[in-house]
Structures are given as structure tokens and as C-alpha cells.
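Participant: The structure is given below, and queries will be raised subsequently.
The values are calculated or read from the model by the stated rules, or taken from the named source; none is laboratory data. A quick note: this is a predicted structure, and the numbers were derived from the prediction, not measured. Note: ideal-geometry Cβ built from the backbone for every residue, glycine included; neighbour counts use all protein chains shown. Keep in mind that these areas ignore ligands, DNA and RNA; they rest on the heavy atoms of the full protein, side chains included. Shrake-Rupley method; radii C 1.70, N 1.55, O 1.52, S 1.80 Å.
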Amino acid sequence: MQPRAEDRDFSAYNAAQHGRTVRPLAVRAVTAHRASGATSGTAVDLGAGAGIEALYLAEVGYHVHAYDVDASQRDALDALRDHGAGVTARLGRLEEAGALPDADIVLSCATLSFLTPPAFTAVWSQLRACLQPGGVVAVDLFGERDDWAAGTDGSFFSQDEIDGLVDGLEVLEREEREHDGRSFGGPKHWHVTEVIARRPVQDARSAADGSAG
Ligand SMILES: C[S@@+](CC[C@H](N)C(=O)[O-])C[C@H]1O[C@@H](n2cnc3c(N)ncnc32)[C@H](O)[C@@H]1O
């Protein structure tokens, strides 16, 4: 892994993703959102890569905004535009994207920890702001014992810090995993926490009736 965010190039990684199955985190995000009876909505995929999860979300009925900085995947993402409810590709750095569309699902697989801490903070703030009442966020975040925590400028989190990130959300699933395995570049010690959380529907009522909670 390149030490600095600005030097990382995921084009080879993303090219190798075509043809793989949809990540379970995406499927579980949809299941979580649908548990309340919803069947469609707007989804945001942060770090969409080759667009496999974006296509899945579109095919199951969401309008998808797929964000990534990897220009090599532009054609692949643009080709998804006509699928299902539609995929809008947004090429560029997440931390420079500004406000995100109002979202019922925010998905980010294997991406947010590649952001520098200031970039992560900016993107997480936009993520929390775009999440609609009843909306679901599904992300994975690298922990402090991940191999890449030493020597790269990414964002790595303690469990206490993750508590802070999801403050005010209903945590539906949270799993911390640690194992020796492989990355695209070779052997690696992984330390990852997956979180699926929902913004309470009650948030909307509080805003609508002016109550302070
Ligand atoms: C490990 S890949 C994961 C891609 C996809 N979500 C998947 O699960 O296959 C990380 C992705 O994040 C994107 N990425 C990394 N830093 C980014 C940034 N600052 N802004 C936008 N995309 C970024 C990369 O281009 C890459 O596609």
C-alpha cells in the first residue's frame, strides 16, 4: 500500500473486481433498510470502484450515486446508468464532493479508511448529514492493529472512536474482525470493523414538531 493517499492508485485492483460477487455488506444494508417496509429510495456508494455494489443497489430498486476517484472505472460506471432505477457516476475525491444527496442507504466498502483523517472527518460529516430518518449506513473501517495503520496516512479507529462515529444512530450490526490473510498486494494482517446503523425515524418527528428531544 502506498503510504500517502495522493499516491494510491486502485485501477489494477478495480480492474480485477469485475465478475466478483456482490459484497455481503451491501446485501445486508438493503435487508436492514427494508426491515422497516421500504422497498426503494436513494443510495450513495462511497468508493464504488468497479460499480458492482452500485449495480446491485440499482437492480434491487434504488437510485444510486456512485462516487470514486478512479478514472479508469469511468466507462464501467457510466455503463450502469441505464440499469434499474439508474446509477449516477460521480468521479472525484470524496473529500471534495461537498454535500451528498439525501440518502436512504449509504454504503462504503473498503474505502473510508484510505482517506486521511481530515478527509475522513469531512466525508463522515457529509455522510451523517445526508442520511435520512430511517436511512441505513453500512461501512467497514480499519482498526489500529491493521497492518496499514503503520506507515500509511489512512484513518484507523479504536472501538471507542467508532462509538463516537455512530453516536445517535441505532447500531443494527457491528462486528470487529482480526485475522492474517491477503490483500490485493500480498499478505496482510487485517483488523476491520463492519458497522450497519440506522438513523432513527424519530429524528424526523422531532424536527417536524419542533421538540428538542
Ligand atoms: C479497495 S477499493 C474498494 C472499491 C469497492 N468499494 C470494492 O469494494 O471493491 C477503494 C476504492 O476507494 C477509492 N478511493 C480511495 N480514496 C478515494 C478518495 N479520496 N475519493 C474517492 N474515492 C477514493 C479508490 O479509487 C477505490 O476504488
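Participant: Taking the options Leu112, Leu141, name whichever one is more than 12 Å from the ligand (Cβ to nearest atom), at pLDDT 95 or above, within 22 Å of Glu194 (Cβ to Cβ) and buried (at least 19 other Cβ atoms within 10 Å of the Cβ).
Facilitator: Leu141
Participant: Would you mention how many residues in region 35-46 are crowded, with 16+ Cβ neighbours inside 10 Å and either more than 10 Å from the ligand (Cβ to nearest atom) or assigned to a loop (DSSP other than H, G, I, E, B) (or both)?
Facilitator: From region 35-46, those crowded, with 16+ Cβ neighbours inside 10 Å are 38, 41-46; that's our starting set.
Narrowing further to those that are either more than 10 Å from the ligand (Cβ to nearest atom) or assigned to a loop (DSSP other than H, G, I, E, B) (or both): 38, 41-44.
Number of matching residues: 5.
Participant: State all residues of region 57-75 that are more than 11 Å from the ligand (Cβ to nearest atom) and over 14 Å from Ser108 (Cβ atoms); if no residue qualifies, say none. Let's see the steps before the verdict.
Facilitator: Kept after step one, since they are more than 11 Å from the ligand (Cβ to nearest atom), are these residues of region 57-75: 57-65, 74-75.
Hits for region 57-75 are Ala58, Glu59, Val60, Gly61, Tyr62, His63, Arg74, Asp75.
Participant: Could you list, in sequence order, all residues of region 4-16 that are touching a residue at least 12 places away in the same chain (Cβ under 8 Å) and either in a helix (DSSP H, G or I) or away from the ligand (no atom under 14 Å from the Cβ) (or both)?
Facilitator: Ala5, Ser11, Ala12, Tyr13, Asn14, Ala15
Participant: Taking region 115-125, which residues are in contact (Cβ under 8 Å) with a residue 12 or more places away in the chain and closer than 17 Å to Val195 by Cβ? Lay out the reasoning, then the answer.
Facilitator: Going residue by residue through region 115-125, those that are in contact (Cβ under 8 Å) with a residue 12 or more places away in the chain are 115-120, 122-124.
Result: Leu115, Phe120, Val123, Trp124.
Participant: Another question, then. When you go through Arg90, Arg81, Arg128, Arg74 one by one, which is the residue that is assigned to a loop (DSSP other than H, G, I, E, B), more than 16 Å from Arg8 (Cβ to Cβ) and among the basic types (Lys, Arg)?
Facilitator: Numbers: Arg90 fails: assigned to a loop (DSSP other than H, G, I, E, B); Arg128 fails: assigned to a loop (DSSP other than H, G, I, E, B); Arg74 fails: assigned to a loop (DSSP other than H, G, I, E, B).
None of the others qualify; the one that does is Arg81.
Participant: Among the listed residues Pro133, Pro101, identify the single one that is surrounded by fewer than 18 Cβ atoms within 10 Å (Cβ to Cβ) and assigned to a strand (DSSP E or B). Give the steps one after another, and end with the answer.
Facilitator: On the way: Pro101 fails: assigned to a strand (DSSP E or B).
Residue meeting the stated conditions: Pro133.
Participant: Which condition number does Arg93 fail, the rest of (1) modelled with pLDDT under 95; (2) within 14 Å of the ligand (Cβ to nearest atom) being met?
Facilitator: (1)
Participant: Let me confirm something: among Gly49, Gly19, which residue is at pLDDT below 95, part of a loop (DSSP other than H, G, I, E, B) and either of a type outside the set (A, V, I, L, M, F, W, C) or near the ligand (Cβ under 9 Å from one of its atoms) (or both)? Steps first, answer last, please.
Facilitator: On the way: Gly49 fails: at pLDDT below 95.
After applying the criteria, what remains is Gly19.
Participant: Asp153: among the acidic types (Asp, Glu), more than 13 Å from the ligand (Cβ to nearest atom) and either out of contact with any Gly (no Cβ under 8 Å at 6 or more places or on another chain) or open to solvent by 40 Å² or more (accessible area, probe 1.4 Å) (or both), yes or no? Quick ask: steps written out before the conclusion?
Facilitator: On the way: among the acidic types (Asp, Glu): yes; more than 13 Å from the ligand (Cβ to nearest atom): no; either out of contact with any Gly (no Cβ under 8 Å at 6 or more places or on another chain) or open to solvent by 40 Å² or more (accessible area, probe 1.4 Å) (or both): yes.
No, not satisfied.
Participant: Report yes if some residue within region 50-63 is touching a residue at least 12 places away in the same chain (Cβ under 8 Å), open to solvent by 10 Å² or more (accessible area, probe 1.4 Å) and of a type in the set (Ser, Thr, Tyr); otherwise report no.
Facilitator: The answer is yes; a qualifying residue exists.
Participant: Which one of these does Thr121 not meet: (1) modelled with pLDDT of 95 or more; (2) out of contact with any Lys or Arg (no Cβ under 6 Å at 6 or more places or on another chain); (3) not in a helix (DSSP H, G or I)?
Facilitator: (3)
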